[in-house]
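K.L.:
Structure below; questions to follow.
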Amino acid sequence: MKINTYLTVAIHTILCIAYFEKDYKVTSDFIAGSTGMNPVIIRKILRKLQTAGMVETKAGVGGSTLSKKAEEITLLDIYKTVSEKKEGERTVFNFHANPNPKCPVGSKIHAVLEEPFNGAQKALEEELKKTTIMDLMKGLWKNETVQ
């Protein structure tokens, strides 16, 4: 499931920018060093985040900065930005394409799963809406003082 990786890498990317932007040029190579991901993937994610108005990236080695305050960016915002879904499709649970219409299970599988899948998607989005980048930053700072 691609969304899981993209979501966590996008969150990690924004956290790197928020954490380091005052002291370093936060480039895709810099972020790649923290995430362990290829800089090409980081640039793809940065483009999505920039299009969504969360980050600003200067060409070349200019680096990235937040375009919004950390307390204004929720995990739901990031989730919606990096989820690659088609219209009417869920990002977490989707139906397999060709169940057998002649089978008593296959002919009804989409109908019986529609409600619980919609509920699960809604619950996920409600939970992600509760957490901001600032909340996560506070967690990072808290863990620094504990070590």
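The values are calculated or read from the model by the stated rules, or taken from the named source; none is laboratory data. What you are looking at is a predicted structure, and each value in this text was computed from that prediction instead of being measured. Only protein heavy atoms, including side chains, enter the accessible area calculation; ligands, DNA and RNA are left aside. Shrake-Rupley method; radii C 1.70, N 1.55, O 1.52, S 1.80 Å.
K.L.:
What ratio of Cα Rg to 2.2 N^0.38 Å holds for the chain?
P.N.:
Working: Rg = 18.6 Å, N = 147, 2.2 N^0.38 = 14.7 Å.
Expressed relative to 2.2 N^0.38 Å, the Cα Rg reads 1.27.
K.L.:
Additional query: Determine the gain in length on full extension of the stretch THR65-PHE117; use 0.36 nm per residue of separation and subtract their C-alpha separation, reporting nm with one decimal.
P.N.:
Result: 15.1 nm gained on full extension.
K.L.:
Separate question: Comparing LEU75, LEU124, LEU15, which has the greatest mean-square fluctuation in the GNM of the chain with Cα pairs linked when under 10 Å apart?
P.N.:
In the Gaussian network model the winner is LEU124.
K.L.:
Ok, one more. GNM on the chain, C-alpha springs below 10 Å: top fluctuator among ASP23, ASP77, ASP135?
P.N.:
Fluctuation is largest for ASP23.
K.L.:
Once whole DSSP H runs in the chain are found, which of them have Cα atoms spread over 15 Å or more along the helix axis and a mean Kyte-Doolittle score of at least 1.0?
P.N.:
2-20
K.L.:
Set the bar at 23 Å for Cα to Cα. Now go through LYS69/LYS129; LYS69/LYS138; LYS22/LYS138; LYS25/LYS130; LYS80/LYS130 and name every pair that lies beyond it.
P.N.:
Over 23 Å Cα-Cα: LYS25/LYS130.
K.L.:
Let me ask something else. One-quarter of the Cα convex hull surface for the stretch 3-46, in nm²? Can you show the working numbers first?
P.N.:
Details: hull surface 10.4 nm².
Average projection, Cα convex hull of the stretch 3-46: 2.6 nm².
K.L.:
Test of understanding: in a Gaussian network model of the chain with alpha carbons linked when under 10 Å, which of VAL82, VAL55, VAL105 would top the mean-square fluctuation ranking?
P.N.:
Largest GNM mean-square fluctuation: VAL105.
K.L.:
While we're here: Determine the per residue accessible area of the chain with all protein chains present and a 1.4 angstrom probe, expressed in square angstrom. Show your work: numbers first, answer last.
P.N.:
Values: 9280 Å² over 147 residues.
Accessible area per residue, the chain: 63 Å².
K.L.:
Helix-derived [θ] at 222 nm for the chain: sum -39500 (n - 2.57) over DSSP H runs of at least 4, divide by residue count, nearest 500?
P.N.:
After summing the helix terms and dividing by the residues of the chain, the value is -18000 deg cm²/dmol.
K.L.:
Same structure, new question: Roughly speaking, to the nearest percent, how much of the chain's 1.4 Å accessible area is carbon and sulfur?
P.N.:
The computed percentage sits at 55.
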